[in-house]
Amino acid sequence: GENVEQHPSTLSVQEGDSAVIKCTYSDSASNYFPWYKQELGKRPQLIIDIRSNVGEKKDQRIAVTLNKTAKHFSLHITETQPEDSAVYFCAAPDSSYKLIFGSGTRLLVRP
Amino acid sequence: GAVVSQHPSRVICKSGTSVKIECRSLDFQATTMFWYRQFPKQSLMLMATSNEGSKATYEQGVEKDKFLINHASLTLSTLTVTSAHPEDSSFYICSASPSGGGEQYFGPGTRLTVT
């Protein structure tokens with residue numbers, strides 16, 4: 001089955017700096033890779049996703065890159081703001097479309 | 001679009017009672033819905049996959065007789081925690097997939113406290 005590992009577990013950056021979170025997956029058949037942002041006590045929100053037919057996708061300050069050969073994908077947040085502080089989860093589907101989540105990264109953006 | 005609601009948002013019940021949680025997709029039909037459990041500062045743990053018109057598929061270690069799932073329509077799935085105990089206290093979140101292509105949209109979650 002699919003196994004997803006996420007690093008780092010915590011990340012502290014200065015406002016305005018960039019933040020990068022990395023995930024690896026094990027199932028080479030996986031073809032969809034979402035990233036979720038979860039604020040304390042709230043639902044995970046889909047912030048960006050990428051499918052295996054592209055290597056990079058951007059949406060304003062957020063980008064995701066995918067390396068299928070190495071089986072890893074990364075979330076990049078540029079010009080970080082305090083409101084970016086949250087827990088971020090990556091995920092990858094297993095063969096039955098269930099999403100397997102990474103362990104999460106707690107991002108703190110210092111003003 | 002892709003809005004999922006969940007009710008109640010918070011519930012406190014006594015040990016031994018049952019609690020029902022509803023999950024609804026408001027602006028799309030969801031053949032498949034998922035139920036997760038999340039402990040503080042931990043990741044989302046999938047409990048079961050709910051398919052409209054058929055029995056739910058439970059993950060290993062999840063008691064199907066304790067966590068009853070019913071997917072009555074393409075927009076509604078319910079999770080009933082039967083004979084709740086304090087160790088069942090947790091944050092329960094549902095999600096729904098509009099296309100079966102992987103993307104899932106989450107409900108706001110239900111915080112269950114069993115006293």
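Here, each number is a calculation from the coordinates, and none is a lab measurement. Note that the structure is predicted; figures quoted are calculated from it, not measured. When we count neighbours, we look across all protein chains shown, and the Cβ atoms used for this are built from the backbone with ideal geometry, even at glycine.
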Under a plain spin-label model, where a point goes 7 Å from the Cα along Cα-to-Cβ, how far apart in nm are A:R110 and A:V20? 2.1
Cα gyration tensor shape for the protein assembly as shown, rounded if a/c is under 1.5, else prolate or oblate: prolate
Could you give the alpha-carbon Rg of chain B over 2.2 N^0.38 Å, rounded to two decimals? 0.99
Shape verdict for chain A, please, from the Cα gyration tensor: rounded (a/c under 1.5), prolate (a/b greater than b/c) or oblate. prolate
Considering lysine pairs in chain A that are 8 or more places apart or on different chains, how many have Cα atoms under 17 Å apart? 9
Chain B, Gaussian network, Cα under 10 Å: of B:A30, B:A72, B:A56, the residue fluctuating most is B:A72
Whole-Hz ³J(HN,Hα) from phi, Karplus 6.51 cos²θ - 1.76 cosθ + 1.60, for segment A:10-25, glycine and proline x: 9, 8, 10, 9, 7, 3, x, 7, 9, 10, 10, 10, 10, 9, 10, 10
Between B:Q42 and A:R61, what's the calculated FRET efficiency when r is the beta-carbon distance and R0 is 22 Å? Round to 0.05. 0.20
Length-normalised contact order of segment B:1-79, Cα under 8 Å, at least 6 apart, in percent, tallies to 28
Please check: in the Gaussian network model of chain A (C-alpha springs, under 10 Å), which one of A:V87, A:V13, A:V64 has the largest mean-square fluctuation. A:V13
List A:K98, B:K14, B:K64 from most exposed to least, where exposure is judged by having the fewest other Cβ atoms within 10 Å. B:K14, B:K64, A:K98
Given R₀ = 22 Å, FRET efficiency for A:N53-A:S96 by Cβ-Cβ distance, to 0.05? 0.55
What average count of beta carbons from other chains do you get within 10 Å of the Cβ of residues in A:39-49? 4
Can you give the FRET efficiency for A:N3 and B:H7, using 1/(1 + (r/R0)^6), R0 = 30 Å, r = Cβ-Cβ distance, to the nearest 0.05? 0.35
Solitary cysteines of chain B, where the nearest other Cys Cβ is not under 4.7 Å: B:C13
